[in-house]
Amino acid sequence: MKVPLSVKRKENGEVGVFAEESFGVGKLVLKLKGDWISEPTKHSIQIGERHLDSAMGGYLNHHCNPNTRVVLQVESLNKEVHYVPLFTRIQGSLTSVTIANPHPVLIAIRTIGAGEEITFDYETTETELAAPFKCACHGRWIRGKGE
């Protein structure tokens, strides 16, 4: 299956992930795959208390008005696929009983056109960024949720 995304260098020299085809609202854009690590890096994505070092995910850039959101893809008992928000405070075995095969994914939260950069809001997943930066959207420092 061809991934409808590509990693490209932007005019400003930064690298980003771009759509090769359009995505409608609520559509799966990217299944995040990689290695689980315990400490954040500049390119990891925090999922709960762990961090995912994802090859494609490491090139996703922040935007305060993003076109995707990180959620969990889960399977119900009758094999239907659902997308649920990240619940960072849920602990114990209840989640493994009520949902099957949880996997972090990006879903489109607005229509994404072919050629458009794929972005998400880092402050929706990261407690504390390994490398805080000044946002190009409005010049505010992006540091994480700071729980």
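The values are calculated or read from the model by the stated rules, or taken from the named source; none is laboratory data. Because the structure is a prediction, the values reported are computed rather than measured. Cβ placement follows ideal geometry from the backbone for every residue including glycine, while neighbour counts extend to all protein chains displayed.
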ask   = Just checking, how many residues over the stretch 1-12 are of a type outside the set (D, E, K, R), at pLDDT 90 or above and assigned to a loop (DSSP other than H, G, I, E, B)?
value = 1
message = without any contact (Cβ under 8 Å) to a residue 40 or more places away in the chain and either within 20 Å of residue 136 (Cα to Cα) or hydrophobic (A, V, I, L, M, F, W, C) (or both): is that true of residue 43 in this structure?
response = yes
query = Somewhere in the stretch 115-131, is a residue modelled with pLDDT of 90 or more and aromatic (Phe, Trp, Tyr)?
reply = yes
ask   = Restricting the search to the stretch 1-58, which residues are of a type in the set (Ser, Thr, Tyr), under 15 Å from the mean Cα position of the chain (by Cα) and surrounded by 14 or more Cβ atoms within 10 Å (Cβ to Cβ)?
value = 44, 54
